[in-house]
1. Do you know which residues across the stretch 209-252 are among the small types (Gly, Ala, Ser) and either touching a helix residue (DSSP H, G or I) at 6+ places or on another chain (Cβ under 6 Å) or assigned to a helix (DSSP H, G or I) (or both)?
2. Among the residues of the stretch 35-42, are any among the hydrophobic types (A, V, I, L, M, F, W, C), farther than 28 Å from Phe246 by Cβ and crowded, with 16+ Cβ neighbours inside 10 Å?
3. Kindly indicate whether Arg162 is under 19 Å from the mean Cα position of the chain (by Cα) and surrounded by 15 or more Cβ atoms within 10 Å (Cβ to Cβ).
4. Of all residues being under 17 Å from Asp11 (Cα atoms) and part of a strand (DSSP E or B) in the stretch 39-91, which is farthest from the chain's Cα centre (by Cα)? Just the residue, please.
5. Are any residues in the stretch 120-141 surrounded by 21 or more Cβ atoms within 10 Å (Cβ to Cβ) and either modelled with pLDDT under 95 or over 22 Å from Trp9 (Cα atoms) (or both), and if so, which ones?
6. Pull out all pairs, ordered by first then second residue, where Cβ-Cβ is under 6 Å, the residues are six or more apart or on different chains, the first lies in the stretch 80-91 and is farther than 17 Å from Ile116 by Cβ, and the second is of a type in the set (A, V, I, L, M, F, W, C).
7. Are any residues in the stretch 176-194 surrounded by fewer than 20 Cβ atoms within 10 Å (Cβ to Cβ), part of a loop (DSSP other than H, G, I, E, B) and of a type outside the set (Phe, Trp, Tyr), and if so, which ones?
Amino acid sequence: MAEVSAISWTDATFNPWIGCTKVSPACDHCYAERDNSRRGWVPGWGPGVPRKRTKTWGDPVKWNRKAAETGRPLRVFCASLADVFDNEAPQAWRDDLWQLLRETPHLRWILLTKRIGNARKMLPADFGPDTYPHVGIMATMGNQEEYDRDRLKLAAVPAAWRGISMEPLLGRIVLDHASHKRDRWCDWIITGGESGPQRRPLDMDAVRYLRDQCAALGITFHHKQNGGLRGKDNGCLIDGVEHKHFPPALAA
């Protein structure tokens, strides 16, 4: 919850609240749950555990003011310790978040969710690329089953830009080339491995395959890292070449 983030694809992270429930194989070794067990932000993790609203809501306002003064928009990841489209998060908090987004047009918001099926019904009624040009929607899809199930749900969200986080990437994923070419609904794909002592190994051939598919389809590709105990093994490198790329909506 700071302006300076170690995550390669963002500048800052903001958590409107803390707490979540595992809904995907990508959640199996959740770093937020692991960190919560050490820091005790909320009394447990999962269904029925009340989410905790944070006290950092003033930070994006400060960042927005600074970005306006410097002319350098700040990329903000929301939320690293929660999910904006969580059914167990109070709707009033989401309404406050939408208002915060309206008040911070100089920030480049990245809303990342594992519940993309909830997005259209939970986003504000006026949400769209013209009204929220500084807000993009990303969905986590760690394997072929999730991609096949959720890609059209993401494509249906009327956002200024859309992306897929394939972190952790849990296997080879074949993209739907026809829909990507026809509708150009995905602007960005991020790949990465897991961190922590229970991390699952990352198949680098699966990463290379996605890199090559993105190149063929004109999708911006960003490889975060290969995984490792601290999650920073080899940085953004694939075979010694950096793949730290941003779509036009997020480029510096």
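1. Ala215, Ala216
2. Checking the stretch 35-42: at least one residue is among the hydrophobic types (A, V, I, L, M, F, W, C), farther than 28 Å from Phe246 by Cβ and crowded, with 16+ Cβ neighbours inside 10 Å.
3. Yes, satisfied.
4. Result: Leu74.
5. Keep residues of the stretch 120-141 that are surrounded by 21 or more Cβ atoms within 10 Å (Cβ to Cβ), which gives 123, 132, 135-141.
The answer is Leu123, and nothing else.
6. Leu81/Ile18; Leu81/Ala32
7. Asp176, Arg184
The values are calculated or read from the model by the stated rules, or taken from the named source; none is laboratory data. As the structure is a computational prediction, the values presented were derived from the model and not from experiment. Counting neighbours? That spans all protein chains shown, and the Cβs are built from the backbone with ideal geometry, glycine included.
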